[in-house]
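The values are calculated or read from the model by the stated rules, or taken from the named source; none is laboratory data. Nothing here was measured: the structure is a model prediction, and the numbers come from that model. In this analysis, Cβ positions are derived from the backbone assuming ideal geometry, glycine residues included, and neighbour counts consider all displayed protein chains.
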């Protein structure tokens, strides 16, 4: 065996442990004489090599609140999303590693009538954890759960265009929309819309935790932990490798890191970038980094003074040095934001102009235009929003002084942050994992009546375009509409997008996985379904 072949064999072992990227492996394989196709095949095979059934997978997550609920419409973060959806449940569709929407509980989906109608066929033989077969009536009840007049569900605005949901037999569900929507199957993958059992009264049973996923709920202690056992009847025979899964809410990043280093957990959600080099020195730990659609942000309520003035809003946007924050707080793991929530990798993304860079003179001139010589405001922050939210705010405070802006940084408690601060106080730290389509992101967070419109922004032109773009089938026209919408958010909205973040986690080196999804953190929040122990 030549030296190159020996290196390639070693690289294959590393791929199986998740410790070498596809690009690094491919470069070595090409140098050894393999074709690109052969290199890709070898990497995929190696990355999936030797999955071992069994074991207990323990994850330490940065999220978790005592107010967390089993109601999927109220899932706020990666704790409820990864535990109570990705581990416990399934939606009609899911997003694959390439960012495409593919069937999950559905077997197929087809549009009709210019995408104003969507027909979903269900997989045969799928059951809930209690053994009850999944039927079209369960799907109807699950979607209707989010559509009531008093619904507080985050999916409510996504489903507003739906005029009717009907079962056509036991295995077919027909959705009719107010207008065409080519992206509707993406909406059906949302983690707030798992398929739930229908109760005798026609409503969805969300309270019991009876779902369809790879693991069965054992115990849920909000804000503390969530435990599961393997579902022996899971309909995906090549998924759900662990015997048992435990989620621990560990909000302090130092405590999360210690838990991984001591073996208390095998997965560290949201690694501390300041100590990442130390983690890399541990031979039993692997770093998991993924570029997705997520963004770390601060959001102002545009209906509250002084943020109800557009010039004030834009002065604020010029008062922080995003490049400095990216370098000092996030160690360069990401790219600077420009007050646009659409990630550069999403179809129809644009970079609005002018770019909101640190510019004290521009900030002061905009304040003057608003009739102000200076400005002071409270900024409520917590690392519960995103790791580094406090440090980034303190850097912002220092730089804003040159803009005649006083940022009063208020450190809020981690516990209950999403219930007591977010959507409650006028200027707060926030975080979005992003969405794979423009329509989904805008409909969830910027539509006038969206439950999670955390800037409280209601721009008539934007909302007019939102409806029109959704139904537009001409790609060029649709692109122009989404470009204008991104410009409107950038210029008129209350979003301060600091960075598009990379997902940076760490895990035990004996965890294996295939190609990973970027639509949510932790492999699309389906890490417990898709990963395994290699030894």
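So that you can scan it fast, the table gives a plain yes or no per residue for (1) surrounded by 15 or more Cβ atoms within 10 Å (Cβ to Cβ); (2) in the same structural domain as residue 231 (by TED's automatic domain parsing); (3) modelled with pLDDT of 95 or more; (4) more than 20 Å from residue 203 (Cα to Cα):
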{"residue": "102", "(1), (2), (3), (4)": "no, no, yes, yes"}
{"residue": "113", "(1), (2), (3), (4)": "no, no, no, yes"}
{"residue": "136", "(1), (2), (3), (4)": "yes, no, yes, no"}
{"residue": "141", "(1), (2), (3), (4)": "yes, no, yes, no"}
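With the checklist (1) touching a helix residue (DSSP H, G or I) at 6+ places or on another chain (Cβ under 7 Å); (2) in a helix (DSSP H, G or I); (3) over 15 Å from residue 195 (Cα atoms) in hand, flag the one item residue 79 doesn't pass. Unmet condition: (1). Please work out which residue is surrounded by the most Cβ atoms within 10 Å (Cβ to Cβ), limiting yourself to the stretch 209-249 and to residues that are free of Cβ contacts under 8 Å to residues at least 12 places away in the same chain and not in a strand (DSSP E or B). Across the stretch 209-249, the extreme among qualifying residues is 238.
Checking each residue in the stretch 409-421 for being under 30 Å from residue 364 (Cβ atoms) and either touching a helix residue (DSSP H, G or I) at 6+ places or on another chain (Cβ under 8 Å) or part of a loop (DSSP other than H, G, I, E, B) (or both) picks out 409, 411, 412, 421. The residues listed here are 141, 149; of these, the one that is touching a residue at least 60 places away in the same chain (Cβ under 8 Å) and under 30 Å from residue 454 (Cβ atoms) is 141. How many residues does the stretch 250-278 contain that are out of contact with any helix residue (DSSP H, G or I) (no Cβ under 7 Å at 6 or more places or on another chain) and in a helix (DSSP H, G or I)? Number satisfying all stated conditions: 13. Residue 182: out of contact with any strand residue (DSSP E or B) (no Cβ under 8 Å at 6 or more places or on another chain) and either outside the structural domain of residue 247 (by TED's automatic domain parsing) or not in a loop (DSSP other than H, G, I, E, B) (or both), yes or no? It is false that residue 182 is out of contact with any strand residue (DSSP E or B) (no Cβ under 8 Å at 6 or more places or on another chain) and either outside the structural domain of residue 247 (by TED's automatic domain parsing) or not in a loop (DSSP other than H, G, I, E, B) (or both). The requirement of being surrounded by 19 or more Cβ atoms within 10 Å (Cβ to Cβ) and in contact with a strand residue (DSSP E or B) (Cβ under 7 Å, 6 or more places away or on another chain) is not satisfied by residue 119. For a quick check of your reading of the model, give me the residue pairs whose first member lies in the stretch 325-347 and is touching a residue at least 24 places away in the same chain (Cβ under 8 Å) and at positive phi, whose second is in a loop (DSSP other than H, G, I, E, B) and crowded, with 17+ Cβ neighbours inside 10 Å, with beta-carbon atoms closer than 8 Å and at least 6 apart or on different chains. Once the first residue is touching a residue at least 24 places away in the same chain (Cβ under 8 Å) and at positive phi and sits in the stretch 325-347, its partners that are in a loop (DSSP other than H, G, I, E, B) and crowded, with 17+ Cβ neighbours inside 10 Å give 339/352; 339/356; 339/493. Only one entry of 528, 455 meets the criterion of being in contact with a strand residue (DSSP E or B) (Cβ under 6 Å, 6 or more places away or on another chain), modelled with pLDDT of 95 or more and outside the structural domain of residue 392 (by TED's automatic domain parsing), and that entry is 528.
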